[in-house]
Amino acid sequence: MARKKKKWSQDVTENSDALDLDKGVFKERSARKIAASLKQSAEESDRRKSNPFRSAMSMLTFYINRAGSQLSKSRRGTLEKAKDELRKDFGKAPKQGK
């Protein structure tokens with residue numbers, strides 16, 4: 001039986017040319033740890049095309065969007081909180097309307 005093909009989005013997350021992500025970064029339970037890991041990856045990358053904040057936020061948003069309805073409410077909440085933590089880490093103003 002043939003091996004099941006990976007989805008292209010999984011391949012992007014695992015093999016991004018812009019960031020070298022820590023294994024299991026999006027599985028972390030702590031929004032703080034997710035944000036810290038993404039920040040570190042973005043700052044250390046010399047292949048990213050935009051600034052570290054945009055690269056880290058883009059990867060997090062990409063993951064949330066691709067996971068879609070597969071994310072539980074609590075998991076989505078943790079990942080959304082990670083966005084706020086990223087903003088804090090990079091000295092950006094929190095998103096308005098929350």
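State the number of residues belonging to the stretch 29-62 that are basic (Lys, Arg) and either assigned to a helix (DSSP H, G or I) or under 9 Å from the mean Cα position of the chain (by Cα) (or both).
So the answer is 4.
Which of (1) within 14 Å of the chain's Cα centre (by Cα); (2) surrounded by 12 or more Cβ atoms within 10 Å (Cβ to Cβ); (3) farther than 19 Å from LYS23 by Cβ does ASN65 not meet, given it meets every other one?
Failed condition: (2).
For the stretch 2-26, how many residues are in contact with a Leu (Cβ under 8 Å, 6 or more places away or on another chain), at pLDDT 65 or above and not hydrophobic (A, V, I, L, M, F, W, C)?
0
Looking at this structure, is PHE90 within 14 Å of the chain's Cα centre (by Cα) and aromatic (Phe, Trp, Tyr)?
For PHE90, the condition - within 14 Å of the chain's Cα centre (by Cα) and aromatic (Phe, Trp, Tyr) - is not met.
Need pairs with beta-carbon distance below 7 Å; first residue over 21 Å from LEU71 (Cβ atoms) and modelled with pLDDT of 95 or more and within the stretch 27-44, second hydroxyl-bearing (Ser, Thr, Tyr) and crowded, with 19+ Cβ neighbours inside 10 Å; sequence gap 6+ or separate chains.
Nothing qualifies.
Need the failing condition index for SER74 against (1) loosely packed, with under 11 Cβ neighbours inside 10 Å; (2) part of a loop (DSSP other than H, G, I, E, B), just the number.
(2)
Tell me whether the stretch 39-53 contains one or more residues that are basic (Lys, Arg), surrounded by 12 or more Cβ atoms within 10 Å (Cβ to Cβ) and out of contact with any helix residue (DSSP H, G or I) (no Cβ under 8 Å at 6 or more places or on another chain).
No, the stretch 39-53 has no match at all.
Taking the condition closer than 19 Å to LEU21 by Cα and modelled with pLDDT under 95, does ARG87 pass?
So ARG87 does not fit the description; no.
The values are calculated or read from the model by the stated rules, or taken from the named source; none is laboratory data. Just so it is clear, the structure is predicted and the values come from calculations on it, not from any experiment. Positions of Cβ are generated from backbone atoms using ideal geometry, with glycine treated the same way; all protein chains shown enter the neighbour counts.
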